Amino acid sequence: DVKRSGRGAYQFFSQAMNERARERTAIEAMLRQAVKTGAFELHYQPRICLSSRRAVAVEALVRLKNVNALIAPSRFIRIAEETGLIVPIGRWVIEQVCRQLQEWAGTDLQNLRISLNVSPVQTRRDDFYSSLVAMAAKYGVDPAQIELEITESSLVESELSVTTCMKHLKEAGFTISLDDFGTGYSSFSYLNRLPIDTLKIDRSFIHEVGSSQGALVVEAILALSRALGKRVVAEGVETLEQLEWLQARGCNEGQGFFFAFPAIAEELAAGLRMRGFLKA
Ligand code: C2E
Ligand code: MG
Ligand code: MG
Ligand code: MG
């Protein structure tokens, strides 16, 4: 009896593994093809300054284009990292961002910075820095308009390459933020040693500000960022209550569904204009 149920559990387990392996193979094939044809799409989500109520930056978020649907990064970024495909994907993202900034020059969107997510697999390559600088130059973009989001966990995984790279990037005028702050088990010593301008508090903490324990944690992060002179952004702001709570405690900026969903550039612009998030 024990044997039989053991085998059943094994079969169930191996079926689930097969399913995952199939999904993985399918995504990997799609990624290889997409890298050749540029079958990706960038969506942008604004970051709103909580005191002026204006958009100050937008985050570029990549999607993989399938026949008639978009595939979310949660389903392909890890596979892209493991296969190295994140390198050409990242290059595509950087070029689109530079092109977008060039397109916005001279319009009511020209003061928006664009932030993009950087994988440690990208910064581990020697040419990351130089190709980023070259791309900005190609499109006449000031590096100050580009913000690089690095996750806290990538600092832990590959300290040396990321930290050296960050120092060069900072010297060249790029802005650097620490993404998903609070989830990466990093030591606070990073915060003083690295040229980090901005902390983005992970949305899991923002969801908890309604509880007394959750509120204490976010208050502590806000106090820490203030003491270190870092700008602080709340990710995943979904409700007016969360917004008002953060505003009352001096959080600099917010990003989340309360303000806007990620959208293609044209929709982003229309939404920002309609909701009065751009400077008059
Ligand atoms: P992230 O950098 O932390 O980006 C924020 C994610 O939270 C986005 O998910 C965004 O759609 C989602 N989000 C924004 N506001 C809210 C909210 O109010 N509530 C909730 N529940 N979610 C919200 P998305 O676009 O699916 O991206 C997921 C992750 O994939 C990103 O997390 C980032 O780590 C990664 N990613 C996205 N684009 C790229 C890229 O171009 N390169 C790399 N390396 N990673 C990327
Ligand atoms: Mg991010
Ligand atoms: Mg994040
Ligand atoms: Mg995240």
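Things worth noting here:
- Rel. contact order, % - alpha carbon contacts under 8 angstrom, at least six apart, the chain: 18
- Taking label positions 7 Å along the Cα-Cβ direction at both GLN33 and SER189, the computed distance is 4.9 nm, reported to one decimal.
- Lys pairs under 30 Å by Cα in the chain, provided they are eight or more residues apart or on distinct chains: 16
- Full extension of the segment from THR239 to ASN68, taken as 0.36 nm per residue of separation minus the current Cα-Cα distance, would add 58.4 nm.
- Separation in nanometres of the label points that stand 7 Å from Cα toward Cβ, at ALA220 and ARG275: 3.1
- FRET efficiency, ALA21 to ALA137 (Cβ-Cβ, R0 51 Å, nearest 0.05): 0.75
- Measuring nothing but how far apart in sequence close Cα pairs (under 8 Å, 6+ apart) lie, relative to its length, region 178-280 scores a relative contact order of 22 percent.
- Pairwise label distance in nanometres, SER211 with LYS167, each label 7 Å out on the Cα-Cβ vector: 4.1
- Between GLY173 and any residue 5 or more places off or on another chain, the built amide H atoms are never under 5 Å apart.
- Length released on extending from GLU82 to ASP127, taking residue separation times 0.36 nm less the Cα-Cα span: 14.3 nm
- Cα shape, region 208-267, gyration tensor, a/c 1.5 rule: oblate
Bear in mind that the values in this text are calculations on the coordinates, not laboratory data. Since we're looking at a predicted model, the values are computed, not measured. Quick reminder, even Gly has a Cβ in these numbers, built from the backbone with ideal geometry, and neighbours come from all protein chains shown.
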